[in-house]
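Working notes, beginning with the structure itself.
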Amino acid sequence: MPLTTSGTAACSSCKFFDAEGGNTALGLCRYNPPISQPTGETAGVWPKVNAMDWCGHFEPATT
Ligand code: SF4
């Protein structure tokens, strides 16, 4: 899978972006498993990203 380096990528149009409750400005990145788990009784943390962010793992969402 090639890494994205162009300026056309955006989390909001990535297949790994999970908008929270219809909030289109912020969402969770589901590319990797959750990071850190503060205690055994709490859930892991998904990275929160801005809709206009992007990273090299961007893949366009398909509808
Ligand atoms: S951080 Fe990367 S993989 Fe995650 S939603 Fe944004 S572009 Fe997609």
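At 1.4 Å probe size, with the rest of the protein present, what percent of the exposed accessible area of the chain is carbon and sulfur atoms?
Carbon and sulfur: 58 percent of the exposed surface of the chain.
Which whole-number percent gives the relative contact order of the chain, counting Cα pairs below 8 Å spaced six or more residues apart?
Relative CO of the chain lands at 44 percent.
Give the accessible surface of the chain per residue, rounded to a whole number of Å², with probe radius 1.4 Å and ligands, DNA and RNA excluded.
Each residue of the chain exposes 71 Å² on average to a 1.4 Å probe.
Can you give the local net charge around Phe17? Use residues other than it whose beta-carbon is closer than 15 angstrom to its beta-carbon, Lys and Arg +1, Asp and Glu -1.
-1
Taking θ as phi - 60°, what are the ³J(HN,Hα) couplings along segment 52-63 by the Karplus curve (6.51, -1.76, 1.60), each to the nearest whole Hz, with x for Gly and Pro?
Result, rounded to whole Hz: 8, 5, 6, 9, x, 9, 3, 9, x, 6, 10, 9.
Would you mind checking which residues have amide H under 5 Å from Cys14's amide H? H placed 1.01 Å from N; only 5 or more apart, or other chain.
Under 5 Å from the amide H of Cys14 lie the amide H atoms of Ala61, each far enough along the sequence or on another chain.
Work out from phi, with θ = phi - 60° and the Karplus expression 6.51 cos²θ - 1.76 cosθ + 1.60, the ³J(HN,Hα) of each residue of segment 36-47, listed in order in whole Hz, and give x for Gly and Pro.
So the Karplus estimates, Gly and Pro as x, are 5, 9, x, 9, x, 9, 10, 6, x, 10, 8, x Hz.
Would you list the P(r) distribution for the chain, with all Cα-Cα distances sorted into 5 Å bins from 0 and each bin expressed as a whole %?
Reading the bins upward from 0: 4, 19, 25, 22, 15, 9, 4, 2, 0.
The values are calculated or read from the model by the stated rules, or taken from the named source; none is laboratory data. As the structure is a prediction and not an experimental result, all values here were calculated from the model. Note that we place each Cβ from the backbone using ideal geometry, even for glycine, and neighbour counts take in every protein chain shown. Protein only, heavy atoms only, side chains kept; ligands, DNA and RNA dropped before computing areas. Shrake-Rupley method; radii C 1.70, N 1.55, O 1.52, S 1.80 Å.
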